[in-house]
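The values are calculated or read from the model by the stated rules, or taken from the named source; none is laboratory data. Predicted, not measured: the structure shown is a model, and the values here were computed from it. No Cβ is skipped: glycine too gets one built from the backbone with ideal geometry, and neighbour counts run over all protein chains shown. Note: accessible area is taken over every heavy atom of the protein model, side chains too, but ligands, DNA and RNA are not part of it. Shrake-Rupley method; radii C 1.70, N 1.55, O 1.52, S 1.80 Å.
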Amino acid sequence: MTIHLYDTFKGKKRLFEPLRNGEVTMYLCGPTVYNYAHIGNARPAVVFDVLARVLRRRYSLTFARNITDIDDKINQASIDTGKPIDEITAQFITAYNDDMGALGVDMPDIEPRATRHVEEMIEMIGVLIDKGFAYEAQRHVLFDVTADKNYGALSKQDLRAMIAGARVEVAPYKRSPQDFVLWKPSASELPGWSSPWGRGRPGWHIECSAMSKKHLGETIDIHAGGQDLVFPHHENELAQSTCAHDGALFARYWVHNGFLSMDSEKMSKSLGNVLLVRDLIENIPGEVLRLALLSAHYRQPLNWSDATVYEARKMLDRFYGAVRGVELVADQRAAGEPPAPFINALEDDINTPKALAEMFSIARELNKASKDAERKALAASLLAAGDVIGLVQEDPEVWFAGDSNGELSTEDIESLLQKREDARRNKDFAAADA
Ligand code: AMP
Ligand code: ZN
């Protein structure tokens, strides 16, 4: 089997072939660090963590997930709270990594921060001006979209129609409404860096172009992110990088995850309908949240509800219940190979629902098996699958005892069962059901 990925640019599933034999580079747009991550933000982190694990089985992977620590929302948070910017970003970088760690997300190989790459951004902006793709106007530097004949190719938009239909208020210094900011001036109270265009700060899009070039080179194999980033963020990254590098291909595969919604509305900070990972992990084990995020195919929308979490918990209970009581010595555990259909599913455009169904069918076989050797082999295989997808990492006894995640303990459950029994005996069915 080979790896296939759906490529947004080509609009179809394609055989994955890296630029260099045996080596893969992947860049994921990471968080803007001014508040806590919600469960929607965790979807790309978890999905592309699974992709990273799948790639690492076959290739030497260099995976970069950046930190956007220059942003007007961060500046605003500093004004609102009176806290220095560095303190805010440090706090939320740690919180993000802790929260994703609780969901079993491995740290990327590189976590570049925008504040540490301003020099590279200034250099790239200079190149874009020299090559005629950017212009300076009123202490701003703007990318001239009309100079890039491929602008709109990723998001499948026609530039002329975009310009004609532009409804945004056009800043007077822009030549076309779609021109976007590479550099803007900073007032003295805002963070700023000196540059050939005066003291200022970079636009968001140039951050990723400069950081991906520095750490992964001009051409990266996989560029990943949420679907909302296709336009304008990725379209603009693509324009900047391709034009700065004389047309060199920027990303060989563009991979985007679908949105997580709640009550049919996209979960987002601006709508205010967010469930923070930080709050959810108080009561729900990280593995349950991780499985819930992987329960739908990553390109499909995922509706988050109590039922999503309940189903995920039930499935994990099945996995843990199956391996419980099967005594494996270290060698037997290490010898476990994930089942081929499970790996095939993950290598086929990260088909996690199918992969989970394969784990489920091994658990069922294991429950039915009676011979010790067969049970051990199936348990080792199920655990090996768990290692790839990042689930069933705990001791089953700890899992069922209810651990420090605020789970119900066995005693709590028995006491609740007793209460239900008593209520039934008293014909108080409402209380029993509750
Ligand atoms: P933000 O902090 O809003 O820039 O989002 C960080 C990452 O989370 C980006 O890759 C977004 O595409 C992704 N994201 C934000 N909201 C959701 C959501 N409701 N469902 C899935 N991904 C999301
Ligand atoms: Zn980016």
Please work out if ASP49 is out of contact with any Pro (no Cβ under 8 Å at 6 or more places or on another chain), over 22 Å from ILE389 (Cβ atoms) and not hydrophobic (A, V, I, L, M, F, W, C).
no
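Residues to consider are ALA42, ALA102, ALA90; find the one that is of a type in the set (Gly, Ala, Ser) and under 30 Å from GLY192 (Cβ atoms). Break it down stepwise before answering.
Details: ALA42 fails: under 30 Å from GLY192 (Cβ atoms); ALA102 fails: under 30 Å from GLY192 (Cβ atoms).
Residue meeting the stated conditions: ALA90.
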Residue that is nearest to ligand 1 (Cβ to nearest atom), among those in segment 246-259 that are more than 22 Å from ASP158 (Cβ to Cβ) and crowded, with 24+ Cβ neighbours inside 10 Å
ASN257
Considering residues of segment 352-365 that are of a type outside the set (A, V, I, L, M) and more than 12 Å from SER295 (Cβ to Cβ) only, the residue surrounded by the most Cβ atoms within 10 Å (Cβ to Cβ):
GLU358
Determine if segment 202-221 includes at least one residue that is aromatic (Phe, Trp, Tyr) and in a strand (DSSP E or B).
no
Qualifying residue in segment 308-321 (condition: open to solvent by less than 40 Å² (accessible area, probe 1.4 Å) and not in a helix (DSSP H, G or I))
no
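Quick one: count up the residues across segment 93-112 that are more than 23 Å from VAL392 (Cα to Cα) and either among the aromatic types (Phe, Trp, Tyr) or open to solvent by 60 Å² or more (accessible area, probe 1.4 Å) (or both). Give the derivation first.
Within segment 93-112, the subset more than 23 Å from VAL392 (Cα to Cα) is 93-95, 109-112.
Pick out the ones that are also either among the aromatic types (Phe, Trp, Tyr) or open to solvent by 60 Å² or more (accessible area, probe 1.4 Å) (or both) and you get 94, 109.
Qualifying residue count for the region: 2.
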It is to be established whether one or more residues within segment 260-275 are among the hydrophobic types (A, V, I, L, M, F, W, C), open to solvent by 10 Å² or more (accessible area, probe 1.4 Å), touching a helix residue (DSSP H, G or I) at 6+ places or on another chain (Cβ under 8 Å) and away from ligand 1 (no atom under 15 Å from the Cβ).
no
CYS243 vs (1) under 30 Å from VAL141 (Cβ atoms); (2) at pLDDT 95 or above; (3) open to solvent by 60 Å² or more (accessible area, probe 1.4 Å): all pass except (3)
Can you tell which of ASP228, ASP179, ASP144 is out of contact with any His (no Cβ under 8 Å at 6 or more places or on another chain), surrounded by fewer than 20 Cβ atoms within 10 Å (Cβ to Cβ) and not hydrophobic (A, V, I, L, M, F, W, C)?
ASP228
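Would you point out the residue of segment 3-30, among those that are among the aromatic types (Phe, Trp, Tyr) and in a loop (DSSP other than H, G, I, E, B), that is farthest from ligand 1 (Cβ to nearest atom)? Lay out the reasoning, then the answer.
Initial filter on segment 3-30 (among the aromatic types (Phe, Trp, Tyr)): 6, 9, 16, 27.
Adding the requirement that they be in a loop (DSSP other than H, G, I, E, B) leaves 9, 16.
Details: PHE9: 17, PHE16: 21 Å.
Checking each candidate, the answer is PHE16.
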If you go through segment 79-92 one residue at a time, do you hit one that is open to solvent by less than 20 Å² (accessible area, probe 1.4 Å), under 22 Å from the mean Cα position of the chain (by Cα), in contact (Cβ under 8 Å) with a residue 60 or more places away in the chain and within 16 Å of ligand 1 (Cβ to nearest atom)?
no
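Which residues, counting only those in segment 276-292, are open to solvent by less than 20 Å² (accessible area, probe 1.4 Å), more than 12 Å from ligand 1 (Cβ to nearest atom) and β-branched (Val, Ile, Thr)? Spell out the reasoning first.
As a first pass, look at segment 276-292 and keep what is open to solvent by less than 20 Å² (accessible area, probe 1.4 Å): 277, 285-286, 288-292.
Among the residues that remain, those that are also more than 12 Å from ligand 1 (Cβ to nearest atom) are: 285-286, 288-292.
Within segment 276-292, VAL288 is the sole residue that qualifies.
So, in segment 31-67, how many residues would count as being β-branched (Val, Ile, Thr), assigned to a strand (DSSP E or B) and either more than 16 Å from ligand 2 (Cβ to nearest atom) or in contact with a His (Cβ under 6 Å, 6 or more places away or on another chain) (or both)? Break it down stepwise before answering.
Restricting attention to segment 31-67, the residues satisfying the condition of being β-branched (Val, Ile, Thr) are 32-33, 39, 46-47, 50, 54, 62, 67.
Filter once more, so that each one left must be assigned to a strand (DSSP E or B): 32, 62, 67.
Within this subset, residues satisfying the condition of being either more than 16 Å from ligand 2 (Cβ to nearest atom) or in contact with a His (Cβ under 6 Å, 6 or more places away or on another chain) (or both) are 62.
Within segment 31-67, residues that are β-branched (Val, Ile, Thr), assigned to a strand (DSSP E or B) and either more than 16 Å from ligand 2 (Cβ to nearest atom) or in contact with a His (Cβ under 6 Å, 6 or more places away or on another chain) (or both) number 1.
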Segment 312-327: number of residues that are within 30 Å of SER268 (Cβ to Cβ) and out of contact with any Ser or Thr (no Cβ under 7 Å at 6 or more places or on another chain)
4
